[in-house]
Structure formats: C-alpha cells, structure tokens
Amino acid sequence: MRSSAIWGLLTLTGLLSACGGGGGDGVGMAIPGGNSTASAQPTCDIDRFADQLLASLNDARASARTCGATAYPAASPLAWHGALALAADVHASDMASVGFFSHTGSSGSHYEKRIADSGYKGRVSSEILARTERIATPAMLPSSMDAWLKSPPHCAALMRADLREVGAACRRGGGFAYIAVNFGG
C-alpha cells in the first residue's frame, strides 16, 4: 500500500474522548428504516446512511474483540436516537463549514455539552469522529469502521456495554467528509 494511501486511512480516525457525560428525540433527522428526513441530509450522499452505520456498529458489537490490550465481550445492539444524531450533525456541520477536525467545536464546545443541548438525557456519552479525503462515497463507512476498530480507544468506545444508543451525521466541506458519531446510555 502506498504511503499516501496509508496516511489517508490514518486520517480517518479522530481523537477520542470517552469520558462519561450527559433520551428525548431530535426532529428532522434520518431514522433507520424510516422515511423521516431533514431537507439538508447529514449523510454525505451515502445511501441509507443511518441504516448502514447502525448495522455496521451493531455487527462490530455482536462479537467479542480485543481493543489494544483490553478484551471486551460482545455488547448489546445499539438503538438509533434522534437527539444524538442532532448533536452529531451540529458538530459535523461545524467541522465541515469551518474546516477543522477535533472533538472541541469551533466555539469551544465539547461533545458532552452538544449532546446535552440536543435534549439527550442519558447518564453517559462518548463521541468518535472520522475525516475522509479522496475516498469514494460507497467506501466511506467501511473505511471509517475499519479505522475505528483498529484504534484501541475508538474500538473501546464502540464496545462499551453502557452505551446503548447512537446517532450520527456526515457533512462535506473543503474536500473532506466529516463523520460524527455520538453514543449515549
């Protein structure tokens, strides 16, 4: 594999903050298996984005796995939550429009605040991010999942049994696609 391709795969993975933090459903977000969508889709033109991502996350959680040096048992399936998707869209839109990649928003916001501001009332939360460049739309989610599972802190967040709900969004800006995934429980 060429070094530029390896670097591109490495840029998929963002910094992970898996600290505990702060249900209510958001409105106007794509709902897996449903027809309710916002007018400006937070999907990066990925067909059935919410369904595909939820299936990929749940497939990963269905098997025990080792994340770094820590073994995790299989975890129960995640359920889609509109408020978590709304918080993810706020952050993905911010990163795409301003052109940065971080768990800290351009206003200084942290994922726990964005999730609470969306109306989510869970006890714990986490966020994982991906930024892709020059990856074809159909490969975006599989490439991001692969990178998250190879990264011990991202893998650990995906396998946390106390995180039972998820919402996500993808936005494009400045030649990149930004995926934000928020978990809650």
Long-range amide H contacts for Tyr72: which residues qualify at under 5 Å (H placed 1.01 Å from N, peptide plane, sequence gap of 5 or more or a different chain)? Arg65, Thr66, Cys67
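Compute the Kirkwood hydrodynamic radius of the stretch 100-178, taking the inverse of the mean of 1/r over all pairs of distinct Cα atoms, and give it in Å to one decimal.
14.1
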Would you pull out the residues with amide H under 5 Å of Phe176's amide H, same chain only if 5 or more places away, H placed 1.01 Å from N? none
Using each residue's phi in the stretch 92-109, evaluate 6.51 cos²θ - 1.76 cosθ + 1.60 at θ = phi - 60° and report the 3J(HN,Hα) Karplus result to the nearest Hz, with x for Gly and Pro. 4, 5, 4, 4, 5, 7, 8, x, 9, 9, 6, 6, 8, x, 4, 8, x, 5
Give, as a single signed number, the net charge of other residues whose beta carbon lies under 11 Å from the beta carbon of Pro138, with Lys and Arg counted +1 and Asp and Glu -1. -2
For the stretch 46-185, percent of DSSP beta bridges that are antiparallel (nearest 5) comes out at 90
Solvent exposure, largest accessible area first (probe 1.4 Å, DNA, RNA and ligands not counted), of Trp148, Trp80: Trp80, Trp148
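The values are calculated or read from the model by the stated rules, or taken from the named source; none is laboratory data. Note that the structure is a prediction, hence the values are computed from the model and not measured. Every residue, glycine among them, receives a Cβ derived from its backbone with ideal geometry; neighbour counts consider all protein chains shown. Just the protein is used for accessible areas: all its heavy atoms, side chains included, with ligands, DNA and RNA removed. Shrake-Rupley method; radii C 1.70, N 1.55, O 1.52, S 1.80 Å.
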